[in-house]
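Following: one structure in structure tokens, then a few remarks.
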Amino acid sequence: MDGVDIWGQLAVESSQVYLTDGTLKKSLFADTTIEKLPDKVLLNIFSYLSHREICRMATICRRWRLIAYNSQLWRNVSLRPEISGLHVNSLEFLLHLVSTRFGNTLRYIELPIELITHTVLHELAAKCANLTHMLLDFSTAMQLHDFSEMQAFPTKLRYMCICLSEVIFMEGFMRKIYNFINGLEVLHLIGTYEKSEEAEEEIYEVINVHKLKSATPNLRVINLYGITFVEDSHIDAFSSNCIQLECLAVNFCNKVTGATMKTLIQRSKRLTCLLMNGTSLKSELVMEVDWDKCALQELDITGTDLSTECLIDLLSRIPGLKFLSAGQINGFNDSVLKAWMESGTCRSLISLDLDSSDNLSDEALSKFLHRHGHQLSAICLSGMPHITDQLWMSVLSILTNAKIIVMGTSEKLGVNIHVDQLMDSIASNCAALERLELRWDPDNLRFSDKSQKAIDLLRVKCLKLRCMVLSDGRYYETVKANFERADRTTVVRTTTCCRISSYHLLRNYNDLVFN
């Protein structure tokens, strides 16, 4: 009932119009209430709500219930309680929803393990002819349902995400769907990297990648995330069959060494994006690749152990690199940056992430940014205690095209960061800014009683700013209150629940997003 009371109060306030002599005159809209809005207007309002909120609105009255159950509001549905808050407690009820509420309008669905049965998949195939995106979450499975009787599966899928279990072998299920998924363009296989224990345990290949690649020849984007059994032979398998491949991500697949990377680059002529964060790349294998003949534009080698020699060879040979993430690499030092500049291959660069690159000096970074800073849309120099506000103040006037900036470190510093001056300079120079993160410890931030003026300037000048992340503390509270007073309530966030990334600039970013 809260929703009715709020709208009723708004209607009363909007109906009060005062004449110049102070007398109250009844407005033309005095009798207007939310009940008098057309159904199509209410439907549009409901479209901004989460499905959990829509279900609450359905309890208000019969009319709202009919609108809440309009199939247009149920095009993208997650039935994983930990993601959406929606919980379907019986298969019978889900089958009822598929036929009565979802139907032909359903485009995307997420199913938890308890709802992945052959009857549910049959019903989706029969009733949801326009279903193109599906996520199947097997991650908590201790055993699978019996799929021996499964004869149908959605045939128009373009995107499929499978969250794998550590111990459940899925070949029985996969064998049943191979004939239905040859139209897939985007495939996510999500492993259990974040859940794995430190102790060495036996690793099972719970899904047969070599058979899967034969069933999916049209893949453009492949994301193998944090899968403990994925190795170089699996990359080789996909590259041998997927001639349309544009983007390959194997982040946190720590068995990948680069042994088949030369073959991958030779075969995949359309490959423009290669993400290998946290892999076990070997320098000698990387240096064997014909980088000078590749079409690669986006590369992530963060957290690898590549040598200085390898990094110089790699970066000086990729001709059209636009996006580079190379943080947390001991071998990335001043000589790499100097050789890269001298080679001229960084002239196309628009995004650079060097997080926690402690072997880079502020002098080398300053030279690089003074030469190439004007072309950058994203710059991340976080996690380096020696990079303070002094460097940033000297280069911000050059970063006029920056959309994403990440600065600061959570380590306690021996110097103070004068954040008011920093905000002034960002506001004056970076009008295109969309995302900003300051990771400095709040105890290192120094600001005055006049800091509101600097924050006001940032808010007014950087109108495209949609996310600003700060460490929790007094300055965070000050900035958050300032933006909230201006009705920009979702902009300011804390580092405990948000982290800015340059990944937003990836060409296939929307395809790479998964829950």
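The values are calculated or read from the model by the stated rules, or taken from the named source; none is laboratory data. Note that the structure is predicted; figures quoted are calculated from it, not measured. When we count neighbours, we look across all protein chains shown, and the Cβ atoms used for this are built from the backbone with ideal geometry, even at glycine. The area values use the complete protein model at the heavy-atom level, side chains included, leaving out ligands, DNA and RNA. Shrake-Rupley method; radii C 1.70, N 1.55, O 1.52, S 1.80 Å.
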Query raised in the report: With segment 149-230 as the region, which strands (runs of 3 or more DSSP E) entirely inside it contain at least 2 residues that are closer than 24 Å to G258 by Cα?
Result: 186-190, 221-225
Query raised in the report: Among the listed residues A432, A427, A402, which satisfies the condition of being outside any helix (DSSP H, G or I), in contact with a Cys (Cβ under 7 Å, 6 or more places away or on another chain) and among the hydrophobic types (A, V, I, L, M, F, W, C)?
Result: A402
**Report entry** Every pair of residues 6+ apart whose Cβ atoms lie under 8 Å, when the first sits in segment 60-84 and is touching a residue at least 24 places away in the same chain (Cβ under 8 Å) and small (G, A, S) while the second is in a helix (DSSP H, G or I) and open to solvent by 90 Å² or more (accessible area, probe 1.4 Å)
**Finding:** S71/N104; S84/R52
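Taking only segment 461-480 into account, find how many residues are out of contact with any strand residue (DSSP E or B) (no Cβ under 9 Å at 6 or more places or on another chain) and loosely packed, with under 13 Cβ neighbours inside 10 Å. So that I can check it myself, show each step before the final result.
Going through segment 461-480, the residues out of contact with any strand residue (DSSP E or B) (no Cβ under 9 Å at 6 or more places or on another chain) turn out to be 461, 463-464, 477-478.
So of that shortlist, the ones also loosely packed, with under 13 Cβ neighbours inside 10 Å come out as 463-464.
Here the count works out to 2.
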Query raised in the report: How many residues are modelled with pLDDT of 95 or more and open to solvent by 50 Å² or more (accessible area, probe 1.4 Å) when one looks only at segment 183-202?
Result: 1
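So, T272, is that one in contact (Cβ under 8 Å) with a residue 40 or more places away in the chain and among the β-branched types (V, I, T) or not? Don't jump to the end; show me each part of the working.
Numbers: in contact (Cβ under 8 Å) with a residue 40 or more places away in the chain: yes; among the β-branched types (V, I, T): yes.
For T272, the condition - in contact (Cβ under 8 Å) with a residue 40 or more places away in the chain and among the β-branched types (V, I, T) - is met.
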Query raised in the report: Quick one: would you say I350 is closer than 23 Å to L505 by Cβ, open to solvent by 50 Å² or more (accessible area, probe 1.4 Å), at pLDDT 95 or above and under 27 Å from the mean Cα position of the chain (by Cα)?
Result: yes
Query raised in the report: What are the residue pairs meeting all of these: first residue in segment 425-445, first residue closer than 15 Å to G383 by Cα and β-branched (V, I, T), second residue open to solvent by less than 40 Å² (accessible area, probe 1.4 Å) and assigned to a strand (DSSP E or B), Cβ atoms under 7 Å, and 6 or more apart or on different chains?
Result: none
**Report entry** The listed residue being within 26 Å of S240 (Cα to Cα) and either assigned to a strand (DSSP E or B) or not β-branched (V, I, T) (or both), out of L337, L349, L299, L311
**Finding:** L299
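Which residues, counting only those in segment 20-49, are among the polar types (S, T, N, Q) and at pLDDT 85 or above?
Of everything in segment 20-49, those that are among the polar types (S, T, N, Q) and at pLDDT 85 or above turn out to be N44, S47.
Does segment 442-482 hold any residues that are of a type in the set (K, R) and either more than 20 Å from S428 (Cβ to Cβ) or not in a helix (DSSP H, G or I) (or both), and which are they?
Of all residues in segment 442-482, those of a type in the set (K, R) come to 446, 450, 453, 459, 461, 464, 466, 474, 480.
Residues satisfying the conditions are R446, K450, K464, R466, R474, K480.
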Report summary line: The residue that is surrounded by the fewest Cβ atoms within 10 Å (Cβ to Cβ), considering only those in segment 239-255 that are in contact with a strand residue (DSSP E or B) (Cβ under 6 Å, 6 or more places away or on another chain) and not small (G, A, S), is K255
Query raised in the report: Restricting attention to segment 125-141, and to residues there that are in a helix (DSSP H, G or I) and in contact with a Phe, Trp or Tyr (Cβ under 8 Å, 6 or more places away or on another chain), which single residue is most open to solvent (accessible area, probe 1.4 Å)?
Result: K127
Query raised in the report: What number of residues in segment 323-334 are buried (at least 21 other Cβ atoms within 10 Å of the Cβ) and assigned to a loop (DSSP other than H, G, I, E, B)?
Result: 4
Report task. Please state which one of T489, T496, T400 is in contact with a His (Cβ under 9 Å, 6 or more places away or on another chain), open to solvent by 20 Å² or more (accessible area, probe 1.4 Å) and of a type outside the set (K, R). Result -> T400
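Restricting to segment 288-300, and then to whatever is out of contact with any Ser or Thr (no Cβ under 7 Å at 6 or more places or on another chain) and surrounded by 19 or more Cβ atoms within 10 Å (Cβ to Cβ), can you tell me which residue is nearest to A326 (Cα to Cα)? Show your work before the answer.
Just the residues of segment 288-300 that are out of contact with any Ser or Thr (no Cβ under 7 Å at 6 or more places or on another chain), to begin with: 288-294, 299.
Applying the additional criterion that residues be surrounded by 19 or more Cβ atoms within 10 Å (Cβ to Cβ) yields 289, 291, 294, 299.
Numbers: V289: 18, W291: 17, C294: 19, L299: 8 Å.
It comes out as L299.
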Report summary line: Of (1) surrounded by fewer than 20 Cβ atoms within 10 Å (Cβ to Cβ); (2) among the charged types (D, E, K, R); (3) out of contact with any strand residue (DSSP E or B) (no Cβ under 7 Å at 6 or more places or on another chain), R220 satisfies every one except (3)
